[in-house]
1. Full extension from ARG120 to PHE16: what is 0.36 nm times the residue separation minus their Cα-Cα distance, to one decimal in nm?
2. Are there any trypsin sites (Lys or Arg not before Pro) in the range 281-363 that are in a DSSP loop and have at most 12 other Cβ atoms within 10 Å? List them by number.
3. Would the range 181-221 count as rounded, prolate or oblate if I go by the C-alpha gyration tensor, calling it rounded below 1.5 in a/c and otherwise prolate when a/b exceeds b/c, oblate otherwise?
4. Rounded to a whole number, what % of the accessible area of the range 78-117 do carbon and sulfur atoms account for, probe 1.4 Å?
5. Using mean Cβ contacts within 10 Å as the protection proxy, how do 198-204, 241-247 order, highest first?
6. How many nm separate the modelled label positions at LYS211 and ASP252, each set 7 Å beyond the Cα in the direction of the Cβ?
7. Sort 115-124, 40-49 by packing, meaning the average of other beta carbons within 10 Å per residue, with the highest value first.
8. Given the C-alpha atoms of the range 331-386, compute the convex hull and give its volume per residue in Å³.
Amino acid sequence: MEATGTDEVEKIKSKFMSAWHNMKYSWVLKTKTYFSRNSPVFLLGKCYHFKSDVTIPVRRISGNVDEFRKDFISRIWLTYREEFPQIKGSALTTDCGWGCTLRTGQMLLAQGLMLHFLGRAWVWPDALDIENSDSESWTAHTVKKLTASFEASLTAEREPKILSNHHRGTLRRNCGDNEMRNEVYHRKIISWFGDSPLAAFGLHQLIEYGKKSGKIAGDWYGPAVVAHILRKAVEEARDPELRGVTVYVAQDCTVYSSDVIDRQCSCTDSEKTDTKAVIILVPVRLGGERTNMDYLEFVKGILSLEYCVGIIGGKPKQSYYFAGFQDDSLIYMDPHYCQSFVDVSIKDFPLESFHCPSPKKMSFKKMDPSCTIGFYCRTVQDFEKASEEITKMLKSSSKEKYPLFTFVKGHSRDYDFASSPLREENDLFSEDEKKRLKRFSTEEFVLL
């Protein structure tokens, strides 16, 4: 009886904590973000302009404000969740207050998978309907949901879900085979990030892989550690659809070209070579205690590439997923909004909460220097082309003696200071990686 009483207290405590986090963060979603009509807006390699009569030399304009909104809303948004299945080894059923970097890492990986399965030109047909149907403010929605949630906890009932009816019939409308295929992959990608123990890239699985680096549920994870966790998660994924994707994490701000190509090309028993797409993650620091403004042009250049999958970063105490920029401000998606658990295993599960209705902007100078940059390359030729393009960008944008990171020919094993590629099967990091991450961890964000 005493244990049951303790459990009830913990549930009520959890609901109050969710209420606190929502009061703290949910207003941000409804705060208006102002964009200049006189400057282009870049979103993961696409350029938009809010003036219809503008012409920009060389660079192609992808569209106006509506096209930008549709593109932005189509990106997958992963936020704090509550009331999901209990995380193994803990009593936690929410990641409010500690899971933001895992969420931004999920968003970056999701964008890589969207490029792989859907292509950069894909947009969700229902994107603008979400925004237009948002007549009720997020804050009012939150208050209503939390009031109902608290009342339900007192009567031992399951939390009622307050969802819009918009998602009903999404797949029932008359559409072509290609659109139907895209919608199937859209849902499948989201389901891989579901908050359940079986989801390949869900919070539960990422935490399990994080345990091998000394992290547990409730700890704060930095961008460098998350990069390695994502690599391990993709390696261990069992879905046959994911066999054509791999992840490479740069070592000491160095991308070893032969190591990347080895990950892309795997020989089978029949000596046939299968080529995989690769998502390259590069943990870097954009300065010392503060971000060095000399790196601004490089970051803008990176976000101007269509094969860029974004940046896991943020500002001190908060992690954001950076996906674009306008002038000297970065455009991002914010994971600091606690939403209800959605069971992605059910047919036609609601999609609205996985798409952000409003972009946010932040001055580059406010960015925390610790971050992880991501790229997607479908083929070896794409990787070689990307390495040449990024190398030129690094040389031309850097005012420092050394570039932010480098591409080097050969394998990491060819260099004395590099870690050996041989490692225990169940070990997340090599010994050298652990030393590097220990250095990174002292320079990461502070837990809020």
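1. 33.4 nm
2. Values: sites: ARG285, ARG290, LYS300, LYS317, LYS347, LYS360, LYS361; in loops: ARG290, LYS317, LYS347.
Answer by residue number: LYS317, LYS347.
3. Numbers: a/c = 3.48, a/b = 3.39, b/c = 1.03.
Prolate shape, in that a/c is at least 1.5 and a/b is the bigger ratio.
4. It is 54 percent, rounded to a whole number.
5. On the way: 198-204: 20.4, 241-247: 17.3.
Put in order of decreasing packing, that is 198-204, 241-247.
6. Roughly 3.2 nm, to one decimal.
7. Highest mean packing first, the order is 40-49, 115-124.
8. 182 Å³
The values are calculated or read from the model by the stated rules, or taken from the named source; none is laboratory data. Computed from a prediction, not measured in an experiment: that's the story for all the values here. Cβ atoms come from the backbone with ideal geometry, glycine included; neighbour counts cover every protein chain shown. Accessible surface is based on the protein model in full, side chains and every heavy atom, while ligands, DNA and RNA are left aside. Shrake-Rupley method; radii C 1.70, N 1.55, O 1.52, S 1.80 Å.
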